[in-house]
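Read-outs throughout are calculated quantities, based only on the coordinates presented, and are distinct from any laboratory measurement. Remember, predicted model here, so these are calculated numbers, not experimental data. All Cβ positions, even for glycine, are placed from backbone atoms using ideal geometry, and neighbour counts span all protein chains on display.
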Amino acid sequence: MKKEVDLITVSKKENWWTEAMKQGINWSSLWKKEDWWTVWLGFLLIIASIAGVVAVPVLPLRWGPGRQGAETIIGSIPAEILSGILVTGIINLALFSIGILFIKREELKKFIVAFPFVFMLAIVAELGGNYAPWRHYGFNSVIWALGIGLLVSNTIKTPGFMKGAVRTELYIKTGLVLLGASILFNRMLALGAMGLGVAWIVTPIVLISMYWFSQKVLKMHDSKGLAITIASATSVCGVSAAIAAGTAAKAKKEEISLAISITLIFTVVMMIGMPALVGALGIDPIVGGAWLGGTIDATGAVVAAGAMLGENALEVASVIKMVQNILIGLIAFGIAIFFSTVVEKKPASEVTIGPAEVWVRMPKFIIGFIAASILFSFILPQNAIDASLPSINGFREFLFTLAFISIGLESNFKEMAKMVKGGKPLTLYLVGQALNIILTFIAAYIFFSGRFFTLPF
């Protein structure tokens, strides 16, 4: 089997695409990599919705006092709703089983066994999130999903038989591809252009400042790889950036693991705390969404937090995070050059790094998101859009619920805390994240408050 082009295999003396072809781009990644399958599964749902093969997913209705006389859980779920929920579960099971069959066939059985249990937890979250009196105060299915997952993980721990269906990235990124159908291309361009001011200005400043701080103040001279990995995870997007940057800097596996562990713990804390802070301080939800999108490290966590602030905030947070995700490849490319020429002090003539890495590292779900936006903005007739969007949006919202359940089930604070060593790495993260939060808020206010730029809402 041909190997994918590695970060340091593309010679600068030849056209990078020609050299990449010589090395052998792994075209099988199109049907074997989870990142690509988020695109294919998203479009499979979009096509099925347009064709009328799938309808709006059936989920628990709003219930409780004042909701059509339904004051009990049983009263809110008649037989036809129960059968519809079952069909919704079967559709989701079949959809993701197709992807996992190609991604990692040996895990398919575990997924099929585990998915019904994760699905049931998601339905409980939907049920709780639709209790009218509490939903009025913001306790929607997002909060319930996260809370249920965290409760299970931090009390009885996530049972082993359920872990096969705990697939946060697969659910969330497929949902983000579907989100593209709801965001008109001109709005996406407007949000993305302003998002550059948040993501592409602040991110390099935080990255460079954190690395400088690690070397000049913390004196992490023997841990340069760890320092740049933590800096990248904090300033860009958590786990993906940590892996990309750590690989580029040739950091040790345990250093990459440590950076990821620190990031994961604070990602969950920020995902819960920052939306609450936005509300407590009376910050405009749009500005808050931009703030969340630029500071919270993981894409899934950004979506979870943004959803707590409303649909427009979710759009802004998601677009900014995707704009920031594009930097993964660019930053990995830059780090590889810096460490080769400055840290390792190799002569420029011996540096064999090419821009093919930018494409290899870029999250592919972004392509699906843009393609969906173009399809619904310019290609489909209005009657097809009106007929299919309710189904697409319904599945998108439920996939987010599945993702939030998964985030909670993956987040055992006690176990993560064991992996986090105190001292300089933790100090570096805290100082860097504090700088990130401050600078991103300033940028979010400038670009999304409406005082300096016109918002597309």
Quiz item: If R0 is 25 Å, what FRET efficiency do you get for L184 and W359 from their C-beta distance, rounded to 0.05?
Solution: 0.40
Exercise. Determine the sum of side-chain charges near K173: Lys and Arg each +1, Asp and Glu each -1, restricted to other residues whose C-beta is under 14 angstrom from that of K173.
Key: +2
Practice problem: Pop the C-beta distance of L93 and K32 into the FRET formula with R0 = 25 Å and round what comes out to the nearest 0.05. | Solution: 0.75
Quiz item: Stretched out fully, how many nm does the piece from K345 to E415 gain, at 0.36 nm a residue minus the Cα gap?
Solution: 21.3 nm
Quiz item: In percent, how large is the relative contact order of the chain, given Cα pairs closer than 8 Å and 6 or more residues apart?
Solution: 27 percent
Quiz prompt | For Y131, residues with placed amide H under 5 Å, excluding near neighbours | solution = W63
Quiz item: Which value, in debye to the nearest 20, describes the size of the charge dipole of the chain about its Cα centre when Lys and Arg Cβ atoms bear +1, Asp and Glu Cβ atoms bear -1, and nothing else is charged?
Solution: 1020 debye
Quiz prompt | Estimated FRET transfer efficiency when R0 is 51 angstrom, pair V53-I442 (beta carbons, to 0.05) | solution = 0.60
Quiz item: In the structure displayed, which of K32/K345; K252/K321; K173/K424; K33/K157; K364/K424; K33/K345 lie more than 31 Å apart, Cα to Cα?
Solution: K32/K345; K173/K424; K364/K424; K33/K345
Quiz item: So what does the Cα-only Debye profile of segment 80-139 read at q = 0.14, 0.18, 0.29 Å⁻¹, as log10 I(q)/I(0), no solvent term?
Solution: -0.51, -0.71, -1.13
Exercise. Calculate the spin-label point distance for W134 paired with N312, positioning each point 7 Å from the Cα along the beta-carbon direction, and give it in nanometres.
Key: 2.9 nm
Quiz item: Rounded to the nearest whole Å³, what is the per residue volume of the convex hull around the Cα atoms of segment 186-261?
Solution: 83 Å³
Exercise. At 7 Å along the Cα-to-beta-carbon direction for both L196 and A387, put a label point, then send me their distance in nm to one decimal.
Key: 3.9 nm
Quiz prompt | At least 20 Å along the helix axis (C-alpha) and Kyte average at least -0.5, DSSP helices within the chain | solution = 34-51, 79-103, 108-129, 141-155, 185-216, 253-280, 311-325, 382-410, 424-448
Quiz item: Of all the stretches in the chain, which is the longest one without any exposed loop site, taking GluC sites (Glu not before Pro) in a DSSP loop (any state but H, G, I, E, B) with at most 15 other Cβ atoms within 10 Å?
Solution: 72-343
Quiz item: Farthest toward the dipole's positive end in segment 220-312, which of M271, A301, T229, given Cβ charges of +1 (Lys, Arg) and -1 (Asp, Glu) about the Cα centre?
Solution: T229
Practice problem: Could you list the chymotrypsin sites (Phe, Trp or Tyr not before Pro) in segment 134-233 that lie in coil according to DSSP, counting only those with at most 14 other Cβ atoms within 10 Å of their Cβ? | Solution: Y137
Quiz prompt | K219 versus K253: modelled label distance in nm, points set 7 Å from Cα along the beta carbon direction | solution = 3.2 nm
